[in-house]
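Contents: one structure, followed by commentary.
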Amino acid sequence: MKKLKFTNGDQMDAIGLGTWKSEKGAVTKAVKIALENGYRHIDCASTYGNEAEVGEAFKEVFGGNTVKRDDVWITSKLWNNAHKKEDVIPALKNTLNDLNLEYLDLYLMHWPVAIKPEVGFPEKAEDFLSLDEVPLIETWNEMVKAKEQGLVKHIGVSNFSIPKLKGLMEETDHTPEMNQVELHPYLQQNELLEFCSRNQINVTAYSPLGSGDRPDRMKAADEPSLLENPVIQRIAKKHGANEGQILIKWSEQRGTGVIPKSTNKERIIGNLASAGFQLDEDDLKEIAELDEHFRYVTGKFFEMEGNSYENIYDD
């Protein structure tokens, strides 16, 4: 499997287990299955609402003799309601407590969006704070402090466009080390990947299979299916793989991280097995032609009349 390298020499396995949408009753078991079957990269976030259950798995597995904490890369994310200077490190400490950890390998600013501390998910314009009220650099500087305090080893962002990355980088000496974004054959983001590569920013792909199980409020009526795409199906048959494995391999082979979510044992194991074959030049050419600049996670749920968040991705 490919590994993503960081400037200090640390390395992250490209293929990890995602935990978004994993139910509380199933996620503990899923993380245990993953770690017991070779995964060394787990992706979490406070807003997923299941970090305490993920932490149960960490406590059990790391308490045994087979998997050591230091051998596993664990990522989590700062939610939008903790962007104020005084809220960042307390939110991180809550995540560490829930996950039964002393440190994170990577901590990400989940969105370039700020909401009021008492709000879980915004429902009206008044739930938001503007980026004039809470600039991204204010939040970022606290994440830098968290790294300096040893609470996290690496810091980065998620859902940041090139303009937002540039804006942040102009105000800090601490360039984000990761940008986690939606990436798949329908949304290949080549320009963003090239920018990140030039600036030594690693990239992780979320929703690599099309996120078919995300909430209905986030779905379009006529959205295309990656898993049912004829090109993907034909390449899968050629390699004796399933469609999900082709999509995971495509991300891994491009040099990005990729975090497919599953709570099914066979699928969890099968997703990791994507590292075991290579897509050839013809495969990659065919997949390159699938790009439609189509987003499954549109970000429109943050756009409300009266707030300042419009075109979050700067498309």
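The values are calculated or read from the model by the stated rules, or taken from the named source; none is laboratory data. In this text the structure is predicted, and so the values were computed from the model without any measurement. Cβ: placed from backbone, ideal geometry, glycine included. Neighbour counts: every protein chain shown. Ligands, DNA and RNA are excluded from the accessible area calculation, which covers all protein heavy atoms including side chains. Shrake-Rupley method; radii C 1.70, N 1.55, O 1.52, S 1.80 Å.
Modelled spin-label separation between Val144 and Glu102, with each label point placed 7 Å from Cα along the Cα-to-Cβ direction: 2.7 nm. Taking the inverse of the mean 1/r over every pair of distinct Cα atoms in the stretch 88-224 gives a Kirkwood hydrodynamic radius of 16.6 Å.
Simple spin-label estimate for Glu266 and Ser225 gives 1.8 nm between the two label positions (7 Å along the Cα-to-Cβ direction from each Cα). Using only the Cα atoms of the stretch 39-95, each taken as one equal point scatterer with no solvent, compute I(q) by the Debye sum, divide by I(0), and report log10 of the ratio at q = 0.20, 0.26, 0.30 Å⁻¹. Reported log10 I(q)/I(0), two decimals: -0.78, -1.07, -1.24.
Stokes-Einstein diffusion coefficient for the stretch 245-315 at 10 °C in a medium of 1.306 mPa s, Rh from the Kirkwood formula over Cα pairs: what value in µm²/s? Walk me through the numbers on the way to the answer.
Details: Rh = 15.0 Å.
For these conditions, the coefficient is 106 µm²/s.
Here the chain is treated as an ellipsoid with the same Cα gyration tensor; its semi-axes, largest first and in whole Å, are 28, 24, 19.
Per-residue ellipticity at 222 nm computed for the chain from its helices equals -10000 deg cm²/dmol, with DSSP H segments shorter than 4 residues left out and the rest contributing -39,500 (n - 2.57). The residues of the stretch 1-143 expose, per residue, 42 Å² of accessible area to a 1.4 Å probe.
Between the stretch 135-183 and the stretch 239-270, the alpha-carbon centres lie 27 Å apart.
Have a look at the DSSP beta bridges in the chain and tell me what percent are antiparallel, nearest 5.
20
For a paramagnetic label modelled on Lys238 (point 7 Å from Cα along Cα→Cβ), amide N atoms under 11 Å away belong, within the stretch 258-283, to 279-283.
Ranked by the mean number of other Cβ atoms within 10 Å per residue, highest first, peptides 268-277, 39-48, 223-232 order as 39-48, 268-277, 223-232.
At 0.36 nm per residue, minus the direct Cα-Cα distance, what do Met169 and Lys116 gain on full extension? Give it in nm, one decimal, please.
Details: separation 53, 0.36 × 53 = 19.08 nm, distance 2.49 nm.
Gain in length upon complete extension: 16.6 nm.
For the stretch 222-282, the residue among Gly257, Ala236, Asn271 whose Cα projects farthest onto the positive side of the dipole built from Cβ charges is Asn271. Working note: Cα atoms of the stretch 69-161, range along each principal axis, descending, whole Å: 43, 25, 23. Stretched out straight at 0.36 nm per residue, the stretch from Lys285 to Ser130 would grow longer than its current Cα-Cα span by 51.6 nm. Extending 7 Å from the Cα toward the beta-carbon at both Ala26 and Glu310 defines two label points whose distance is 4.0 nm.
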